[in-house]
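Engineer: The structure under discussion is supplied below as structure tokens; questions concerning it will follow.
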Amino acid sequence: MVVKIGTNALTNATGRFNRTHFDALGQDLLWAAQDRELVVVSSGAIALGVERLGLPSRPRDIPGKQACAAVGQSRLMQAYEEAFAARGQPVAQVLLTHEDVQERRRYLNVKHTLERLLTSGVIPVINENDTVSVDELKFGDNDTLAGLVAGVVEADALVLLSDVEGLYTGDPRRDADAELLSTVMQVTPEVLALATGTTSGVGTGGMSTKVRAAARASESGIHCVITSGAVPGRLRAVLEGEAVGTLFEPTGSRRSARAAWIAHALRARGTLTVDAGAREAIVSGKRSLLPSGVHAVEGDFGRGDPVDLADAHGAVFARGLAAYDANELRRIAGRHTADIETVLGYRYLDEAVHRDDLAVL
């Protein structure tokens, strides 16, 4: 299982590291690891850096955040080492950027490293590499990172510990009538609309990032729970089957490692708009996308780059690797396969996106 611990679950009301609460949370993690393979995705490095440097608040600029992360990351790992040392539980620090999973070979390196750590009885403690990340490389929040890691290690469960109980029908901080949703069977646009994306002074992600991470996990056949990490014993309650937080039921089956990489690790560099027949062939028939089904091409991408597939209404339903670059696809869009060589003067493949390079979302 993968457990994501948000900054708000590690700090007090002033944004300072809460050692007492962290130690209690560490005991819950040790208990969970007794008969499970456990991966921890932990925030907190920047907050600890802010504390160590004596800053009045979290910096707003990227270099300032990176400097705080550099100071705080070692302190964060020291806290985990000390919390787990009493039972002789080894931990490992793993720092990731989006670039580490964007390229297939590096994605597999991450996967194999995590698998070896788990089989060796080590708990990986993962964080985004804020010290070197820049905007175009950042996951953006550790909710997204945790959802991706859950797919990489083919987890059975993902638990997102936050400062709120779960997903409500409204903002519980402002709406006294807001009700907690105990179970979400599928993340629909209406469910996403409930996640307003508010953020706190020390955390990065809001509820929207958590719900989107839960949606990605459920697509890969993984159970996900969003619950409060500020309440002692809440992780145990989740694993013992108590009705706490919000449970997101799996909506899909287990993905292959390649399909999971295409679906969630890649950032699309363009969009192919397809007709209804092509969408049906891809979703229900598990077929390739042929040039004849492409109506429009957006973006500037190369051959082999990831692209989104969208229907006529603009709804993205799949992601895949383009068999031709953007200019080539614009020239052969709507054409039959037999016309490719006539139009381009050559032919790589008969398909615009081969089914082996496709993942339905």
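Engineer: Among the listed residues SER208, SER220, identify the single one that is modelled with pLDDT under 90, under 30 Å from PHE17 (Cβ atoms), hydroxyl-bearing (Ser, Thr, Tyr) and surrounded by 18 or more Cβ atoms within 10 Å (Cβ to Cβ).
Structural biologist: Values: SER220 fails: under 30 Å from PHE17 (Cβ atoms).
Unique residue meeting the criteria: SER208.
One line per residue, one yes/no per condition, for (1) under 18 Å from VAL41 (Cα atoms); (2) modelled with pLDDT of 85 or more; (3) out of contact with any Ser or Thr (no Cβ under 7 Å at 6 or more places or on another chain):
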{"site": "PRO59", "(1), (2), (3)": "no, yes, yes"}
{"site": "ILE62", "(1), (2), (3)": "no, no, yes"}
{"site": "GLU81", "(1), (2), (3)": "yes, yes, yes"}
{"site": "GLN89", "(1), (2), (3)": "yes, yes, yes"}
{"site": "GLN93", "(1), (2), (3)": "yes, yes, yes"}
{"site": "VAL101", "(1), (2), (3)": "yes, no, yes"}
{"site": "ARG105", "(1), (2), (3)": "no, no, yes"}
{"site": "GLU136", "(1), (2), (3)": "no, no, yes"}
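Engineer: To continue, here is another question. Does the range 97-104 contain any residue that is of a type in the set (Lys, Arg), closer than 26 Å to ALA265 by Cβ and surrounded by fewer than 19 Cβ atoms within 10 Å (Cβ to Cβ)?
Structural biologist: The initial filter retains those residues of the range 97-104 that are of a type in the set (Lys, Arg), namely 104.
Narrowing further to those that are closer than 26 Å to ALA265 by Cβ: 104.
Pick out the ones that are also surrounded by fewer than 19 Cβ atoms within 10 Å (Cβ to Cβ) and you get 104.
For the range 97-104, residues of a type in the set (Lys, Arg), closer than 26 Å to ALA265 by Cβ and surrounded by fewer than 19 Cβ atoms within 10 Å (Cβ to Cβ): present.
Engineer: Give just the number: which of (1) of a type in the set (Lys, Arg); (2) farther than 23 Å from GLY26 by Cβ; (3) modelled with pLDDT under 90 does ARG116 not satisfy?
Structural biologist: Of (1) of a type in the set (Lys, Arg); (2) farther than 23 Å from GLY26 by Cβ; (3) modelled with pLDDT under 90, only one is false for ARG116: (3).
Engineer: Here's a follow-up. Only one of (1) under 17 Å from ILE5 (Cβ atoms); (2) β-branched (Val, Ile, Thr); (3) surrounded by fewer than 15 Cβ atoms within 10 Å (Cβ to Cβ) is not met by ILE123, so which one is it?
Structural biologist: If we test ILE123 against (1) under 17 Å from ILE5 (Cβ atoms); (2) β-branched (Val, Ile, Thr); (3) surrounded by fewer than 15 Cβ atoms within 10 Å (Cβ to Cβ), just (3) comes out false.
Engineer: Also: Condition check: surrounded by 14 or more Cβ atoms within 10 Å (Cβ to Cβ), small (Gly, Ala, Ser) and under 22 Å from the mean Cα position of the chain (by Cα). Does ALA45 satisfy that?
Structural biologist: Numbers: surrounded by 14 or more Cβ atoms within 10 Å (Cβ to Cβ): yes; small (Gly, Ala, Ser): yes; under 22 Å from the mean Cα position of the chain (by Cα): yes.
Yes, satisfied.
Engineer: Looking at LEU329, LEU358, can you tell me which residue is within 30 Å of ARG216 (Cα to Cα), in contact (Cβ under 8 Å) with a residue 40 or more places away in the chain and in contact with a Gly (Cβ under 8 Å, 6 or more places away or on another chain)?
Structural biologist: Just a single option satisfies the conditions, and that option is LEU358.
Engineer: Could you please give the count of residues in the range 272-305 that are within 21 Å of ALA215 (Cα to Cα) and either out of contact with any helix residue (DSSP H, G or I) (no Cβ under 9 Å at 6 or more places or on another chain) or not assigned by TED's automatic domain parsing to the domain that holds ALA323 (or both)?
Structural biologist: The number of residues fulfilling the criteria is 2.
Engineer: Checking the structure you have, find out if any residue of the range 301-323 is crowded, with 21+ Cβ neighbours inside 10 Å and over 30 Å from ALA150 (Cα atoms).
Structural biologist: no
Engineer: Touching a helix residue (DSSP H, G or I) at 6+ places or on another chain (Cβ under 7 Å), among the small types (Gly, Ala, Ser) and touching a residue at least 40 places away in the same chain (Cβ under 8 Å), is that true of ALA92?
Structural biologist: no
Engineer: Something else about it: If we keep just the residues of the range 236-269 that are free of Cβ contacts under 8 Å to residues at least 12 places away in the same chain and part of a loop (DSSP other than H, G, I, E, B), which is nearest to LEU309 (Cα to Cα)?
Structural biologist: SER256
Engineer: Also: When the range 28-76 is examined, which residues are found to be in contact (Cβ under 8 Å) with a residue 12 or more places away in the chain and acidic (Asp, Glu)?
Structural biologist: Matches in the range 28-76: ASP28, GLU37, GLU51.
The values are calculated or read from the model by the stated rules, or taken from the named source; none is laboratory data. These numbers were taken from a predicted model, which means no experiment stands behind them. Neighbour counts are summed over all protein chains in view; Cβ atoms, including those assigned to glycine, are modelled from backbone coordinates with ideal geometry.
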